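A quick write-up on the structure given underneath.
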Amino acid sequence: MVKRTRKLAGIDQRWRLHDLRHWSATHAIVSGHNVRSVAAGLGHSDPTTTMRTYAHALEGLDQGIADTIAGVLDGEAE
């Protein structure tokens, strides 16, 4: 069923269902969605599991946090 659905949707046959799950969770986190909500959607009982699995996506958010704090310290935002 997954192979047929991928074909009908035009999704490359190399993508597994788990790859699509990982992709959607990564993009949800990078887009700023709450990790606890993403964890619940994935069925993780503990958001720590999600944070460990998707740590690479969380690292990209660090620069945004640093920029926000720098802006506040520089008086650019309150």
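Laboratory data are not the source of any read-out in this text; all were calculated from the coordinates shown. This is a predicted model, so every value here is computed, not measured. All Cβ positions, glycine included, derive from the backbone under ideal geometry; neighbour counts span all protein chains shown.
Summary table
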read-out: Leading residue at positive end of dipole, the chain (Cβ point charges), from Ser37, Ser24, Ala9; value: Ala9
read-out: Projected label distance in nm at Ser37 and His56, using a 7 Å step from Cα toward the beta-carbon; value: 2.4
read-out: Per-residue ³J(HN,Hα) for the stretch 33-48, Karplus 6.51 cos²θ - 1.76 cosθ + 1.60, θ = phi - 60°, Hz, x for Gly and Pro; value: 6, 4, 4, 4, 5, 4, 4, 4, x, 7, x, 7, 6, 10, x, 4
read-out: Net charge dipole size for the chain [Lys, Arg +1 and Asp, Glu -1 on Cβ; Debye, nearest 20]; value: 1100
